[in-house]
Amino acid sequence: MKFSILLAIIAFANIILPADKVIFKLDQGEYIVSSESQLKVGGSGTEGFSIITKKGNKFFVNTEKGKAGPFEKVPLENLPPSGIRKSDVYQFEEPGDKDGKPEMGMTPQGNMTIKVDNKVIATLPPGEVPSSIAIDKKRNRLAYVTMVADNDGNLAFTATQMPGGKKFQVKGPMMVMIKKNEQSGNFIFEGMEQDGKKTFYTEAGNKQGPFSMDAKAFELYDNKTIVVMEPGKDQQNNSVTNIIKDGKVIHTLKNTNSDSQLLFSGDATKYCVVSASGLEFSDGSKIPRGILPTVEKSATGTKLHYLHINENNEVIQSTIPW
């Protein structure tokens with residue numbers, strides 16, 4: 001595959017694009033392996049790039065320090081630590097084994113206990129049963145959910161967050177699970193309703209929903225704003241993805257698929273869909289064969305960095321306010 005790409009000129013209203021920066025030049029027949037390349041800006045604490053290229057059956061590593069290679073295989077230290085993200089907002093997911101496995105126990109009096117790392121962190125009132133738990137060891141925080149049935153058999157759940165012991169109650173769902181954002185360590189509480197719908201509760205106990213069972217919750221770069229992605233249908237019965245913030249649909253995405261990467265601006269008012277054909281922005285503008293878009297969060301806002309290649313085979317890093 002060769003990159004013979006003309007520079008796409010994007011018109012962003014009221015935005016002056018900063019000067020582009022040529023970071024290196026491709027040889028004839030050399031191309032970028034985008035699935036193994038990365039821009040390193042923003043949250044990583046370091047800036048630079050590690051762009052993997054291939055010519056024939058040999059690999060090269062291009063960084064801010066220059067070009068290394070050829071290699072038979074790409075050195076592990078130059079590969080992204082967890083691959084290329086499918087979304088540049090961070091999904092709340094069930095905690096993995098690395099967070100520690102809580103244990104359930106019982107006192108001689110018959111009360112249930114919750115243990116983490118062989119320490120009892122909670123002894124529950126009579127009739128109250130542990131439901132789920134999530135741990136953020138980086139920030140020394142955890143949350144757990146317990147449930148109890150009333151005299152009519154209806155379930156009530158209590159979410160407790162530690163340290164501090166902050167609590168809130170949830171009534172109605174059949175089950176409440178805790179999910180965690182690995183980037184921020186924040187928790188969200190996911191309720192499965194009697195009618196098959198799904199609701200989300202923030203750490204403050206604020207309810208969002210109901211949504212369909214296929215809805216997923218994500219967190220923006222400020223580590224506090226929740227957006228929900230929910231599959232749906234448009235008026236022509238075509239499949240779409242609705243992006244919901246504060247209970248309102250702010251975007252309806254068409255023709256997205258599992259191979260597309262999705263990025264949002266800092267406040268989610270703009271988005272960029274990344275696919276094999278390049279970058280497509282929510283205002284309809286496109287950068288054919290634009291690659292490696294990366295969002296950088298700073299005290300003054302967010303920026304979008306990306307790469308494109310001009311007619312002279314120069315690899316250019318561009319930045320726009322985002």
Worksheet, complete the sentence: Exactly one of Thr107, Thr123 is surrounded by fewer than 14 Cβ atoms within 10 Å (Cβ to Cβ) and polar (S, T, N, Q), and that residue is Thr107
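Considering only residues of the stretch 4-24 that are among the β-branched types (Val, Ile, Thr) and surrounded by 15 or more Cβ atoms within 10 Å (Cβ to Cβ), which is modelled with the lowest pLDDT?
Step one: filter the stretch 4-24 for residues among the β-branched types (Val, Ile, Thr), giving 5, 9-10, 15-16, 22-23.
Subsequent filtering for residues that are surrounded by 15 or more Cβ atoms within 10 Å (Cβ to Cβ) retains 5, 10, 23.
Values: Ile5: 25, Ile10: 29, Ile23: 88.
Among residues in the stretch 4-24 that are among the β-branched types (Val, Ile, Thr) and surrounded by 15 or more Cβ atoms within 10 Å (Cβ to Cβ), the one modelled with the lowest pLDDT is Ile5.
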Practice prompt. Just one of (1) farther than 29 Å from Gly48 by Cβ; (2) touching a strand residue (DSSP E or B) at 6+ places or on another chain (Cβ under 8 Å); (3) in a loop (DSSP other than H, G, I, E, B) trips up Pro231, so point out which.
Written response: (3)
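Residue-by-condition table, conditions (1) loosely packed, with under 14 Cβ neighbours inside 10 Å; (2) of a type in the set (Asp, Glu); (3) at pLDDT 85 or above:
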| residue | (1), (2), (3) |
| --- | --- |
| Ser50 | no, no, yes |
| Lys54 | no, no, yes |
| Asn57 | yes, no, yes |
| Phe60 | no, no, yes |
| Gly66 | yes, no, yes |
| Leu79 | no, no, no |
| Val89 | no, no, no |
Response to the item:
All-but-one check, Asp27 against (1) in a loop (DSSP other than H, G, I, E, B); (2) of a type in the set (Asp, Glu); (3) modelled with pLDDT under 85, failing number (3)
Practice prompt. At least 1 residues that are at pLDDT 85 or above in each: list the strands (runs of 3 or more DSSP E) lying fully within the stretch 261-310 that qualify.
Written response: 271-275, 278-281, 286-288, 291-298, 301-309
Worksheet item: From the set of residues in the stretch 291-322 that are under 21 Å from the mean Cα position of the chain (by Cα) and small (Gly, Ala, Ser), which is surrounded by the fewest Cβ atoms within 10 Å (Cβ to Cβ)?
Response: Ala299
Item to complete: Inspect the stretch 181-200 for any residue being closer than 28 Å to Lys297 by Cβ, surrounded by fewer than 17 Cβ atoms within 10 Å (Cβ to Cβ) and among the basic types (Lys, Arg) and give the result as yes or no.
Response: no
Response to the item:
Of the residues in the stretch 37-48 that are among the small types (Gly, Ala, Ser) and either part of a strand (DSSP E or B) or in contact with an Asp or Glu (Cβ under 7 Å, 6 or more places away or on another chain) (or both), the one that is modelled with the highest pLDDT is Gly48
Worksheet item: Give me the pairs: first residue in the stretch 281-301 and free of Cβ contacts under 8 Å to residues at least 40 places away in the same chain, second residue in a loop (DSSP other than H, G, I, E, B), beta-carbon distance under 7 Å, and six or more apart or on different chains, which are they?
Response: Ser282/Lys270; Gly301/Gly266
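Could you tell me how many of the residues in the stretch 148-199 are assigned to a strand (DSSP E or B) and at positive phi? Lay out the reasoning, then the answer.
Kept after step one, since they are assigned to a strand (DSSP E or B), are these residues of the stretch 148-199: 148-149, 155-162, 166-171, 175-181, 187-192, 198-199.
Next, from what is left, pick out any that are at positive phi: none.
So the count comes out to 0.
The values are calculated or read from the model by the stated rules, or taken from the named source; none is laboratory data. Everything numeric in this text was worked out from a predicted model, so none of it was measured. We place every Cβ from the backbone using ideal geometry, glycine too, and count neighbours over all the protein chains shown.
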